[in-house]
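**Student:** The structure's right below; bear with me while I get my questions together.
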Amino acid sequence: MTTWTRPTTLEFPKVWVTFEGKGVTSSGTKQKFWIQDVTDDYKEEIIHYIITGYLKDTPIYRYSKFTDDPQSVEDYVTMWRKILDQNVSLICLTQDGRGQTSVVGFNIYAVLHKNANRNLVEIMKGRVSKMVAGTQSHIWNIKDIFTELNIDFNITSWGLYVLPEFRLQGIAYELLKAGREIAVALGINVSVTLFTSFGGQSVAERVGFRDITKCSFEDFERVNPLFKFPGIEADSSKAMRLMYIRYSDS
Ligand SMILES: CC(C)(COP(=O)(O)OP(=O)(O)OC[C@H]1O[C@@H](n2cnc3c(N)ncnc32)[C@H](O)[C@@H]1OP(=O)(O)O)[C@@H](O)C(=O)NCCC(=O)NCCS
């Protein structure tokens with residue numbers, strides 16, 4: 001799924017956005033953040049936060065007990081490493097009073113061409129990774145998004161995460177909005193992204209994403225009895241939603 005690579009003509013690494021958080025620091029000032037390309041020196045730190053944070057906090061991974069199955073974690077981490085090597089992912093950083101830079105969140109982007117192999121299940125070996133990839137492939141395949149939206153390329157977010165101590169300050173909103181900057185620089189007009197958690201869907205709606213198709217967690221079990229996320233009914237996340245934004249409209 002990842003044969004596309006970033007053109008060498010596009011400046012790298014580039015800072016795409018700088019902004020202030022909604023919260024106020026202990027010294028009464030607004031904290032400053034910036035969003036830039038993910039450089040090689042941040043890739044393993046992102047993988048660390050995926051394993052210790054993203055896979056624990058995101059409902060579809062939490063309720064499928066994804067991290068209990070080492071093969072499944074290895075399958076997805078292998079995929080994320082390949083995606084990160086496309087060099088279109090974004091990281092949000094901040095600096096503390098002593099000038100120490102730290103990771104705040106990230107938005108892992110993949111660029112997909114309409115002819116790329118999108119069969120996730122066939123590259124998974126783990127029991128849980130096959131199940132989760134099955135649900136994701138199901139929703140991606142309900143419609144041919146490339147024909148439906150009349151596009152050749154799609155830039156898709158494949159992992160939006162903000163560290164707990166920085167949440168509800170507008171970081172995810174800025175990370176998703178920054179997707180527009182890099183997409184436009186690459187000449188890509190549309191982002192189609194699968195948002196699986198209520199939090200991610202709320203942010204996506206505020207940025208201007210609209211549904212293409214969706215599937216509730218109840219319906220997944222009707223599609224395939226193996227497509228189960230036991231306990232997810234107690235979560236505010238009720239469905240996976242495949243959503244899109246057309247940057248020329250926003
Ligand atoms: C979902 C997540 C990325 C949101 O990050 P965040 O930086 O706290 O989000 P923001 O502060 O940018 O929120 C933007 C808007 O969405 C709303 N929102 C964010 N998280 C929400 C949640 N869990 N429930 C409802 N609304 C939420 C905010 O209230 C805010 O609305 P406002 O503009 O009216 O203030 C973060 O909670 C996270 O990393 N969760 C775990 C991983 C995950 O679920 N990723 C998304 C997978 S689809």
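**Student:** Just for segment 32-73: of the residues that are among the polar types (S, T, N, Q) and part of a helix (DSSP H, G or I), which one is farthest from the ligand (Cβ to nearest atom)? Show your work before the answer.
**Tutor:** Going through segment 32-73, the residues among the polar types (S, T, N, Q) turn out to be 36, 39, 52, 58, 64, 67, 71-72.
When the remaining residues are screened for being part of a helix (DSSP H, G or I), the result is 52, 67, 71-72.
Details: Thr52: 12, Thr67: 14, Gln71: 22, Ser72: 17 Å.
Among those residues, the one meeting the criterion is Gln71.
**Student:** Just checking, which of Leu176, Leu168 is part of a loop (DSSP other than H, G, I, E, B), of a type in the set (A, V, I, L, M, F, W, C) and either away from the ligand (no atom under 13 Å from the Cβ) or at pLDDT 95 or above (or both)?
**Tutor:** On the way: Leu176 fails: part of a loop (DSSP other than H, G, I, E, B).
Of Leu176, Leu168, the one residue that is part of a loop (DSSP other than H, G, I, E, B), of a type in the set (A, V, I, L, M, F, W, C) and either away from the ligand (no atom under 13 Å from the Cβ) or at pLDDT 95 or above (or both) is Leu168.
**Student:** Another question, if that's okay. Filter segment 58-78 for residues that are buried (at least 21 other Cβ atoms within 10 Å of the Cβ) and either in contact with a Leu (Cβ under 8 Å, 6 or more places away or on another chain) or free of Cβ contacts under 8 Å to residues at least 40 places away in the same chain (or both) and give the result.
**Tutor:** Hits for segment 58-78 are Tyr61, Phe66, Tyr76.
**Student:** While we're on this one: So, Ala183, is that one small (Gly, Ala, Ser), within 15 Å of the ligand (Cβ to nearest atom) and either outside any helix (DSSP H, G or I) or closer than 30 Å to Pro13 by Cβ (or both) or not?
**Tutor:** Numbers: small (Gly, Ala, Ser): yes; within 15 Å of the ligand (Cβ to nearest atom): no; either outside any helix (DSSP H, G or I) or closer than 30 Å to Pro13 by Cβ (or both): yes.
Answer is no for this residue.
**Student:** Look through Ser202, Ser191, Ser197 and report the one residue that is within 15 Å of the ligand (Cβ to nearest atom), within 21 Å of Asp144 (Cα to Cα) and at pLDDT 95 or above.
**Tutor:** Values: Ser202 fails: within 21 Å of Asp144 (Cα to Cα); Ser197 fails: within 21 Å of Asp144 (Cα to Cα).
Going through Ser202, Ser191, Ser197 in turn, just one is within 15 Å of the ligand (Cβ to nearest atom), within 21 Å of Asp144 (Cα to Cα) and at pLDDT 95 or above: Ser191.
**Student:** Give me the pairs, please: first residue somewhere in segment 30-57 and among the basic types (Lys, Arg), second residue anywhere and part of a loop (DSSP other than H, G, I, E, B), beta-carbon distance under 9 Å, and either six or more positions apart or on two chains.
**Tutor:** Within 9 Å, the pairs are Lys43/Asp85; Lys43/Ser89.
**Student:** Follow-up question, since we're still on this one. Just checking, which of Trp140, Trp158 is farther than 21 Å from Val38 by Cα and within 16 Å of the ligand (Cβ to nearest atom)? Can you show your working first?
**Tutor:** Details: Trp158 fails: farther than 21 Å from Val38 by Cα.
Exactly one of Trp140, Trp158 is farther than 21 Å from Val38 by Cα and within 16 Å of the ligand (Cβ to nearest atom), namely Trp140.
**Student:** Looking at (1) in a helix (DSSP H, G or I); (2) within 17 Å of Ala133 (Cβ to Cβ); (3) within 15 Å of the ligand (Cβ to nearest atom); (4) hydrophobic (A, V, I, L, M, F, W, C), which is the only condition Cys215 fails?
**Tutor:** (1)
**Student:** Answer yes or no as to whether Thr147 is surrounded by fewer than 19 Cβ atoms within 10 Å (Cβ to Cβ) and among the β-branched types (Val, Ile, Thr).
**Tutor:** On the way: surrounded by fewer than 19 Cβ atoms within 10 Å (Cβ to Cβ): yes; among the β-branched types (Val, Ile, Thr): yes.
Answer is yes for this residue.
**Student:** Go through (1) part of a helix (DSSP H, G or I); (2) on the phi > 0 side of the Ramachandran plot one by one and return the number of the condition Lys130 breaks.
**Tutor:** Status for Lys130: all satisfied but (2).
**Student:** Now a separate question. When the residues of segment 104-124 are narrowed to those that are of a type in the set (D, E, K, R) and assigned to a loop (DSSP other than H, G, I, E, B), which ends up farthest from the ligand (Cβ to nearest atom)?
**Tutor:** The first filter runs over segment 104-124 and keeps only residues of a type in the set (D, E, K, R), leaving 114, 118, 122.
Add one more test, that the residue is assigned to a loop (DSSP other than H, G, I, E, B), and what stays is 114, 118.
Working: Lys114: 23, Arg118: 18 Å.
Looking at residues that are of a type in the set (D, E, K, R) and assigned to a loop (DSSP other than H, G, I, E, B), I get Lys114.
The values are calculated or read from the model by the stated rules, or taken from the named source; none is laboratory data. Bear in mind the structure is a predicted one, so any value in this text is a computation, not a measurement. All Cβ positions, even for glycine, are placed from backbone atoms using ideal geometry, and neighbour counts span all protein chains on display.
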